[in-house]
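A short worksheet on the structure shown next.
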Amino acid sequence: MKIIGITGGVGSGKSSLLQYIGSRYDCRILFADAIAKELEEPGGSCYEDLVRLLGRQILQENGKIDSVRMSELIFHNGNLLSEVNLILHPAVKETIQSEIEAEKRRGKVRFFFIEAALLIECGYEEIVDEIWLIHAPRDVRRKRLQKERGYSEGRINGIFANQLPEETFFAHADVVIENGGRFADACRQVDEKLGERT
């Protein structure tokens, strides 16, 4: 089983390509954000620590963490963001490692994909066989974020400012999938990399 980490800037089309891969290949796909959300749920391993750190004001009436309130609290506070990351990221990585081991024991899939925004920063290189960078030029990503997610210029600029420089992504990538043009072209690159030349 080959373990592949997927990374790239916001709006590069990671989710769309993973949807394509999931529909076509014998694989398992894990999204680090989805795992983090599970760990933030009441009873999840990070819930109590997050409430202790951020206060009860982040809770909805039903006791669940309000992700919008949490984002607002930590977005402009680098120290708080770092502390939240120290709670979440090791737990997410540990969960992913457990899932990888379980999938190896089952022996039913050829590929195991991990999508994580902070794949490089959180040291996933030590648990993956390859890092794939899904790349699209910044102007293409900006247009996608405006059109598909309704993001404002200010929000996009803030997101871009908080991401690694492109050179860093390229320096860590074993494979680069160019996804700034036609989606079919990006899919063809994926097929070539996974051994299905079409």
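The values are calculated or read from the model by the stated rules, or taken from the named source; none is laboratory data. Just so we're clear, the structure is a prediction, and the values are computed from it rather than from any experiment. Counting neighbours? That spans all protein chains shown, and the Cβs are built from the backbone with ideal geometry, glycine included.
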When both residues are 6+ apart or on different chains and their Cβ atoms are under 8 Å apart, which pairs have a first residue that lies in the stretch 85-100 and is of a type in the set (F, W, Y), and a second that is modelled with pLDDT of 95 or more?
none
Among residues of the stretch 157-198, those that are at positive phi and surrounded by 14 or more Cβ atoms within 10 Å (Cβ to Cβ), counted:
0
Please work out if V128 is assigned to a loop (DSSP other than H, G, I, E, B), among the aliphatic types (A, V, I, L, M) and surrounded by 15 or more Cβ atoms within 10 Å (Cβ to Cβ).
yes
Of the candidates I120, I74, I65, I114, the one satisfying the condition of being touching a residue at least 40 places away in the same chain (Cβ under 8 Å), crowded, with 16+ Cβ neighbours inside 10 Å and out of contact with any strand residue (DSSP E or B) (no Cβ under 6 Å at 6 or more places or on another chain) is I120
Could you check the stretch 1-119 for helices (runs of 4 or more DSSP H) lying wholly inside it with 1 or more residues that are touching a Lys or Arg at 6+ places or on another chain (Cβ under 7 Å)?
78-106
Helices (runs of 4 or more DSSP H) wholly inside the stretch 151-198 that include at least 1 residues being basic (K, R) and in contact (Cβ under 8 Å) with a residue 60 or more places away in the chain
183-193
I87 being out of contact with any Asp or Glu (no Cβ under 9 Å at 6 or more places or on another chain) and either within 19 Å of N162 (Cα to Cα) or β-branched (V, I, T) (or both):
no
